[in-house]
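Data first, discussion second: the structure below is written as structure tokens.
Derivation of every value follows stated rules applied to the coordinates shown; laboratory data play no part. What you are looking at is a predicted structure, and each value in this text was computed from that prediction instead of being measured. So basically every Cβ, Gly included, is an ideal-geometry build from the backbone, and we count neighbours across all protein chains shown.
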Amino acid sequence: MIQILDLVRTISLLIFLLPGKVFSAQTVEPFTSEQKEKLAAGEVVFLEPDAPYLFKAAVQIDAPAASVWAVMRDQERIPNYVKSVREIRVLEKGGNWKIIEQKLKLHPLLPRFNFVFKEEYGPGYSIQFERVRGSFKDVKGWWRVDQNVPENSVTLVYSTYVDVGWFIPKSWIKKGINKDVPELLVAFRDEVYSDFEDDDNNNET
């Protein structure tokens, strides 16, 4: 039972690792005034997901879109903010797509998970991902960077669906998502900010 609960909690770790192309890449989320205030305060906001996705979440990042995009596409940096990744490599790539293999150790009591997924780069700063083979029955989704005003701020939005291949109560999955997804989005934002800290340190020296 402990192993199953640990797996549920770490599903949100897995789904964050897979970037993907948005189905309506030019759509900007219609945030409410309250949601905009929370985003501006640095909070992670959950939105109503589109079927069949499990969730949609957003976070504001005070950085140019190109800087956020660079971190999103740099697979080698994923272990910096997702410690469960043990190995990652690009198996194939084309003009706007990559086939990527990841090996994860989500918990000491769980086996290592190996899986291969395809990511496709869409219009603007958007990506779609889909499982090709390996662990879990089905994993797919998307994420997108929306340019804010002023231009030195963006909103990162992502949504996903995962089917591990056996029944898990939705309440367990929701509990794991509510805890881990905000932590991961904030960790990703911190990774983006680390580039600017490095630039500041280099300028000082």
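Need at least 2 residues that are of a type in the set (Ser, Thr, Tyr) and buried (at least 16 other Cβ atoms within 10 Å of the Cβ) per element, so show me which strands (runs of 3 or more DSSP E) inside the range 42-117 make the cut, counting only ones lying wholly within it.
none
Looking only at the range 123-174, how many residues end up being within 18 Å of PHE31 (Cβ to Cβ) and surrounded by fewer than 14 Cβ atoms within 10 Å (Cβ to Cβ)?
3
Examine the range 48-64 for a residue that is more than 17 Å from SER194 (Cβ to Cβ) and of a type in the set (Ser, Thr, Tyr), and state whether such a residue exists.
Yes, because at least one residue in the range 48-64 is more than 17 Å from SER194 (Cβ to Cβ) and of a type in the set (Ser, Thr, Tyr).
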